[in-house]
Amino acid sequence: MASVMTNFPRAKVSINRIMEVIEKEVSIRDGEGSESSVDDAPAVSFSHVSFCYPHGKGMALSDINFEAKKGETVALIGATGSGKTSILNLIPRLFDATEGVVKVNGVDVRKYRLRDLRNLIGYVPQKSYLFSRTIARNIGYGNNGRFAQTLERIQEAARVGQADEFIRNKDGGYDHEVTSGGDFSGGQKQRLTISRAIARDPELYLFDDSFSALDYKTDRTLRKELKKTAGDATVIVVAQRISTIRGADKIIVLDEGRIVGEGTHDRLMKDCSIYREIAASQGVDE
C-alpha cells in the first residue's frame, strides 16, 4: 500500500500528460478531396511560400518559389537551419504554409485528403526509424494500397536500395527480427528506410539527408539504380554532400530561409558564392 501511495501521484501526472496528447485537436485536416491532377502541371510547385513554426519567433521560410517537373531530380542544399527540411515538411502537410501555395500535380495540397496526398509520396526522414518486426515487414510497412506487398516486391526494393546483400547475411534473411534498438549500422538503417520508400512505388520521392551515412560508392550505386527503376518519378532530395546532388536537374541553394541560388552544378559554381563556399569546404573545385 505504501508503494501504491508513493507511485500514484507520479502515475496521475503521467496520465494527465498522455491525455493532453490524445485530446489535442488536430490542426491539419482533410481537404474536400475532389481534386484531380492538372495536365502538364509540375509535380511540385511552391508559389510565394513563407512559413513560421507554431510559437516560432521568426519565419523559417520566406517567399519560396520553385517548381519540380515530373521526372526531375531537384536538390536542396544549404547550411543547417537554412530551411531545407521545412520545405520538405510542407509537401505532405506535416505543416501548412503560413503564406503562399504549395501544389502537387497542380492541386493545392490543402485540397487533398491526407491519405490520398501521402499515398503519392515516398518520404525518407533524417532519422531512420525501424520497427520491432521482421525486415520484410519493415520494408513493406509503407504499403500505399496500390498493390500487394509480396516478398518479391520487397526484395526488389531492397536490391535497388542496396540493402539486399546485408539482409541475406542476417540470420533468417528477410525474416530476421529487428530488435527495438536495431542491430544495424547507420548506413544499413538508411538503406532499409530508403528501400521502404521504394517499395511504395510513389510518384514523388522526398529524401531528407537520407544518404549521409552511406559511403560514396553505395551512394552512387543506389542513385543509379533508383534512376533506372523510378525514372518517371520526381525526386526532391536534401543533401549536405555535393557529390550526392551534382547530377541533379536543378539545385536550389538556401540561406536563412531564402533561395539564394538555383540552377545546375556548373551554373551555381559560376554564379552563387554560397554554393562555391560549400563546394570549397568539401574539396570540390569544378
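The values are calculated or read from the model by the stated rules, or taken from the named source; none is laboratory data. Keep in mind that what you see is a predicted model, and the values were worked out from it rather than measured. Note: ideal-geometry Cβ built from the backbone for every residue, glycine included; neighbour counts use all protein chains shown.
There is at least one residue in segment 176-192 that is over 20 Å from the mean Cα position of the chain (by Cα), more than 21 Å from Pro125 (Cα to Cα) and surrounded by fewer than 19 Cβ atoms within 10 Å (Cβ to Cβ).
Taking each residue of segment 84-110 that is without any contact (Cβ under 8 Å) to a residue 12 or more places away in the chain and within 15 Å of Val238 (Cα to Cα) and looking for partners that are assigned to a strand (DSSP E or B) and aromatic (Phe, Trp, Tyr) with beta-carbon atoms closer than 9 Å, six or more apart or interchain, yields Asn89/Phe51. Among the residues of this structure, Ala197 does not count as one that is out of contact with any strand residue (DSSP E or B) (no Cβ under 8 Å at 6 or more places or on another chain), surrounded by 16 or more Cβ atoms within 10 Å (Cβ to Cβ) and at pLDDT below 95. One residue alone among Leu222, Leu206 is among the aliphatic types (A, V, I, L, M), on the phi < 0 side of the Ramachandran plot and out of contact with any strand residue (DSSP E or B) (no Cβ under 7 Å at 6 or more places or on another chain), and that residue is Leu222. Go through the residues of segment 20-40 one by one and say whether even a single one is touching a Gly at 6+ places or on another chain (Cβ under 8 Å), under 19 Å from Pro92 (Cα atoms) and either in contact (Cβ under 8 Å) with a residue 40 or more places away in the chain or surrounded by 10 or more Cβ atoms within 10 Å (Cβ to Cβ) (or both). So far as segment 20-40 goes, yes, one or more of its residues are touching a Gly at 6+ places or on another chain (Cβ under 8 Å), under 19 Å from Pro92 (Cα atoms) and either in contact (Cβ under 8 Å) with a residue 40 or more places away in the chain or surrounded by 10 or more Cβ atoms within 10 Å (Cβ to Cβ) (or both).
Ile91 satisfies every condition listed in (1) over 17 Å from the mean Cα position of the chain (by Cα); (2) surrounded by 20 or more Cβ atoms within 10 Å (Cβ to Cβ); (3) among the hydrophobic types (A, V, I, L, M, F, W, C); (4) closer than 28 Å to Val49 by Cα except (1). Evaluated against (1) of a type outside the set (Lys, Arg); (2) surrounded by 16 or more Cβ atoms within 10 Å (Cβ to Cβ); (3) under 22 Å from Lys69 (Cβ atoms); (4) more than 17 Å from the chain's Cα centre (by Cα), Ala233 falls short on exactly one condition, (4). The listed residues are Leu222, Leu206, and the only one of them that is out of contact with any Gly (no Cβ under 6 Å at 6 or more places or on another chain), of a type in the set (A, V, I, L, M) and not in a helix (DSSP H, G or I) turns out to be Leu206.
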